[in-house]
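What follows is a single structure, written as structure tokens, with notes after it.
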Amino acid sequence: MENTRCLIIGSGPAGYTAGIYTSRADLKPILFEGEQLGGQLTITTEIENFPGYPEGISGTAMMDDLRKQAIRFGCDVRTGYIRQIDLSKRPFHAVDDHGNEFEAETVIVATGASARWIGLESEQRFYGAGVSACATCDGPFYKKQVVAVVGGGDTACEEANYLSTLCSKVYLVHRRDELRASKAMQNRVLTNPKIEMCWNSRISEILGTDLDGVTGIELEDTKTGAKSQREVTGVFVAIGHKPNTEFLGGQVELDAQGYIKIAHPNTATSIKGVFAAGDVCDPNYRQAIVAAGRGCMAAMDVERFLQEN
């Protein structure tokens, strides 16, 4: 049985930043990187909106920088993941994927949220080469180009509206004949001359080549089965995200969407001594800089909690 004052579950900008701050506070944290080392940013080709990188940087390189910085200050970074945790009493008891057991005085959950995908092989093949799940992150790469957004909720409408400020045309592909978004958001989309609705449609294939990336989409009418094609250079999937909270076993209070509830303005969860940072508790922003900031906040909240308890 290993003991730690702070167990950080998850990497990415939130987890690694929490590791930097808790290490510098001499809390000797143990950080588990999870199944995807560095989080979703490691499958992002280029990041241009994170402060401090004027020429942009690949997601993998940025996460490697943060990881090295955490290790430099003494963070005990482990590969693997926490598969089970008991939060019923302190110290908390956790088990990793190899069956090793840990006791932790505090926990920071930074496991992120995974994008929901359509489920096409071509979708994964062109991820980062024309397929994205974040218009704010990747939209500027498609200035004056034609793109498609998939979805019918507020997120899809927000992304379509945002992309219309950059792109020459945006197809909004929705499998039904009416949007699920709020009325105000619907009105913005339906009155936007640069957005064309593709009603009763689903993407049956994403077209492209290894050299050029995405070149188009094949649409299938959900009522008739008829197929047609559109020329696009980008496809933005906006059908929601799934917070990675299964391992918590329902012990922490979640919101209606499944995100961990935190006690704003701090990062405390419904369990005393457990804190959350990054996309796992953020249904609104989902940006690397916000996740890093919340990682810092969680670490400072942990330090304050341990001083008081």
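Considering every residue within segment 42-57, establish whether at least one is assigned to a helix (DSSP H, G or I), surrounded by fewer than 21 Cβ atoms within 10 Å (Cβ to Cβ) and modelled with pLDDT under 95. For segment 42-57, residues assigned to a helix (DSSP H, G or I), surrounded by fewer than 21 Cβ atoms within 10 Å (Cβ to Cβ) and modelled with pLDDT under 95: present.
Here is a yes/no grid of residues against (1) outside the structural domain of Q229 (by TED's automatic domain parsing); (2) touching an Asp or Glu at 6+ places or on another chain (Cβ under 6 Å); (3) modelled with pLDDT under 95; (4) part of a helix (DSSP H, G or I):
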residue	(1), (2), (3), (4)
V147	no, no, no, no
T155	no, no, yes, yes
L166	no, no, no, no
V189	no, no, no, yes
P193	no, no, no, no
M197	no, no, no, no
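Residues in segment 216-233 that are surrounded by 16 or more Cβ atoms within 10 Å (Cβ to Cβ), touching a residue at least 24 places away in the same chain (Cβ under 8 Å) and in a strand (DSSP E or B): I217, L219, R230. Does any residue of segment 21-30 turn out to be touching a residue at least 24 places away in the same chain (Cβ under 8 Å), under 15 Å from G112 (Cα atoms) and in contact with a strand residue (DSSP E or B) (Cβ under 7 Å, 6 or more places away or on another chain)? No, there is no match, as no residue in segment 21-30 is touching a residue at least 24 places away in the same chain (Cβ under 8 Å), under 15 Å from G112 (Cα atoms) and in contact with a strand residue (DSSP E or B) (Cβ under 7 Å, 6 or more places away or on another chain). From the list R90, R116, R78, the lone residue that is surrounded by fewer than 24 Cβ atoms within 10 Å (Cβ to Cβ) and under 23 Å from W199 (Cβ atoms) is R116. Here the strands (runs of 3 or more DSSP E) wholly within segment 79-145 that include at least 1 residues being of a type in the set (D, E) and under 22 Å from K272 (Cβ atoms) are 82-86, 101-109. Filtering segment 83-97 for residues that are without any contact (Cβ under 8 Å) to a residue 60 or more places away in the chain and more than 20 Å from E253 (Cα to Cα) leaves a non-empty set. T209 meets the conditions (1) in contact with a strand residue (DSSP E or B) (Cβ under 9 Å, 6 or more places away or on another chain); (2) among the polar types (S, T, N, Q); (3) in contact (Cβ under 8 Å) with a residue 12 or more places away in the chain; (4) surrounded by fewer than 17 Cβ atoms within 10 Å (Cβ to Cβ) in every case but one. The failed one is (3). Considering every residue within segment 97-108, establish whether at least one is hydrophobic (A, V, I, L, M, F, W, C), more than 10 Å from L7 (Cα to Cα) and surrounded by 14 or more Cβ atoms within 10 Å (Cβ to Cβ). Among the residues of segment 97-108, not one is hydrophobic (A, V, I, L, M, F, W, C), more than 10 Å from L7 (Cα to Cα) and surrounded by 14 or more Cβ atoms within 10 Å (Cβ to Cβ), which makes the answer no. Would you check if there is a residue in segment 209-228 being touching a helix residue (DSSP H, G or I) at 6+ places or on another chain (Cβ under 7 Å) and among the hydrophobic types (A, V, I, L, M, F, W, C)? No, every residue in segment 209-228 fails to be touching a helix residue (DSSP H, G or I) at 6+ places or on another chain (Cβ under 7 Å) and among the hydrophobic types (A, V, I, L, M, F, W, C).
The values are calculated or read from the model by the stated rules, or taken from the named source; none is laboratory data. For clarity, every value in this text was computed on a predicted model and none was experimentally measured. Here the Cβ is made from the backbone with ideal geometry for all residues, glycine too, and neighbour counts use every protein chain on show.
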